[in-house]
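Participant: Once you've had a glance at the structure underneath, I'll fire off some questions.
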Amino acid sequence: MPDIQKIHAILQECYPDALCSLTWEGDPWRLLVMGVLSAQCTDERVNKVCPALFARFPDAAAMALAEPAEVGEYIRSCGFWRVKSENLVNSARKIMTDFGGCVPEAMEDLLSLPGVGRKIGNLVRGDAYGLPGIVADTHCIRICGRLGFYPETLKDPAKVERIMDGIVPKAEQSDYCHRMVLFGREYCDARRPRCEVCPLAGECGSELRGEK
């Protein structure tokens with residue numbers, strides 16, 4: 001089993017500021033919206049789209065009064081915009097009626113919002129509310145498998161979350177996942193990993209290292 005503390009210590013040196021790539025400006029509602037939009041879309045694109053969206057719909061109360069078609073006009077470039085606009089409006093309405101206008105922090109409540117799964121739930125809980133949780137996105141799944149925490153063939157987000165939840169200390173989980181994203185973009189690319197210059201090469205169990 002790889003040494004999680006050593007791995008995270010190296011990642012901390014590489015990325016001392018473990019910040020979310022989404023520019024949510026400390027607002028749980030914005031983070032929730034951006035998390036929904038990021039599905040099958042890059043964080044960069046979401047960051048470009050959201051200033052205009054939030055200027056028109058600054059909070060859940062405003063979004064709850066919107067028509068999905070209007071919301072969709074702002075998010076077309078994010079992909080699957082019809083479904084996402086429906087989910088955002090319906091989530092806003094549920095937040096207003098069931099949660100007093102505030103994004104809930106309990107996972108069960110977050111999962112009751114349309115378009116919100118465990119990945120987004122853990123993102124909101126970790127960044128907005130300081131609670132532990134593994135954000136099992138594509139970077140986390142790919143890299144933790146390559147490192148050897150589980151077989152690289154495992155792609156199930158729920159199973160990866162359970163495994164890594166038992167390995168990464170609770171207090172470090174949010175930061176660890178953000179650093180996985182940064183590390184994945186800089187070194188551990190899905191198609192062309194830079195194994196020859198990887199700071200985690202000495203801790204990695206991937207067969208990719210033997211192909212370089």
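Bear in mind that the values in this text are calculations on the coordinates, not laboratory data. Since we're looking at a predicted model, the values are computed, not measured. Here the Cβ is made from the backbone with ideal geometry for all residues, glycine too, and neighbour counts use every protein chain on show.
Participant: With the structure loaded, tell me whether E152 is of a type in the set (D, E, K, R), surrounded by 14 or more Cβ atoms within 10 Å (Cβ to Cβ) and not in a helix (DSSP H, G or I) or whether it fails that test.
Facilitator: Numbers: of a type in the set (D, E, K, R): yes; surrounded by 14 or more Cβ atoms within 10 Å (Cβ to Cβ): yes; not in a helix (DSSP H, G or I): yes.
So E152 fits the description; yes.
Participant: Among the candidates G126, G145, which residue alone is small (G, A, S) and more than 27 Å from F57 (Cα to Cα)?
Facilitator: Numbers: G126 fails: more than 27 Å from F57 (Cα to Cα).
The unique qualifying residue is G145.
Participant: I need a count of the residues in region 60-79 that are of a type outside the set (G, A, S) and touching a Cys at 6+ places or on another chain (Cβ under 8 Å). Walk me through it before giving the result.
Facilitator: Going through region 60-79, the residues of a type outside the set (G, A, S) turn out to be 63, 65, 67-68, 70-71, 73-76, 78.
In the following step, the residues that additionally are touching a Cys at 6+ places or on another chain (Cβ under 8 Å) were identified as 78.
Matching residues across region 60-79 total 1.
Participant: Now a separate question. May I ask you to list the residues in region 8-23 that are acidic (D, E) and under 16 Å from L200 (Cβ atoms)? Lay out the reasoning, then the answer.
Facilitator: Residues of region 8-23 acidic (D, E): 13, 17.
Within region 8-23, just E13 meets the criteria.
Participant: Quick one: how many residues across region 95-141 are in a helix (DSSP H, G or I) and of a type outside the set (D, E, K, R)?
Facilitator: So the first thing to find is which residues in region 95-141 are in a helix (DSSP H, G or I), and the list is 95-98, 107-111, 118-129, 138-141.
The next check asks that each one be of a type outside the set (D, E, K, R); those that pass are 95-97, 107, 110-111, 120-124, 126, 128-129, 138-141.
Going through region 95-141 one residue at a time, the tally reaches 18.
Participant: Of the numbered conditions (1) crowded, with 17+ Cβ neighbours inside 10 Å; (2) not in a helix (DSSP H, G or I), R30 fails exactly one; give the number of that condition.
Facilitator: The failed condition is (2).
Participant: Could you count how many residues in region 47-70 are surrounded by 15 or more Cβ atoms within 10 Å (Cβ to Cβ), touching a Phe, Trp or Tyr at 6+ places or on another chain (Cβ under 7 Å) and assigned to a helix (DSSP H, G or I)? Before you say what the answer is, go through the steps one by one.
Facilitator: So in region 47-70, the residues surrounded by 15 or more Cβ atoms within 10 Å (Cβ to Cβ) come out as 47, 49-50, 53-54, 57, 59-60, 63-64, 66, 68.
Still in the running and touching a Phe, Trp or Tyr at 6+ places or on another chain (Cβ under 7 Å): 49, 53, 59-60, 63, 66.
This time we only want the ones that are assigned to a helix (DSSP H, G or I), so: 49, 53, 60, 63.
Count: 4.
Participant: Another question about this same structure. Examine region 80-90 for a residue that is within 28 Å of G145 (Cα to Cα), surrounded by fewer than 15 Cβ atoms within 10 Å (Cβ to Cβ) and among the basic types (K, R), and state whether such a residue exists. Quick ask: steps written out before the conclusion?
Facilitator: Our first condition is that a residue be within 28 Å of G145 (Cα to Cα); within region 80-90, this holds for none.
Checking region 80-90: not a single residue is within 28 Å of G145 (Cα to Cα), surrounded by fewer than 15 Cβ atoms within 10 Å (Cβ to Cβ) and among the basic types (K, R).
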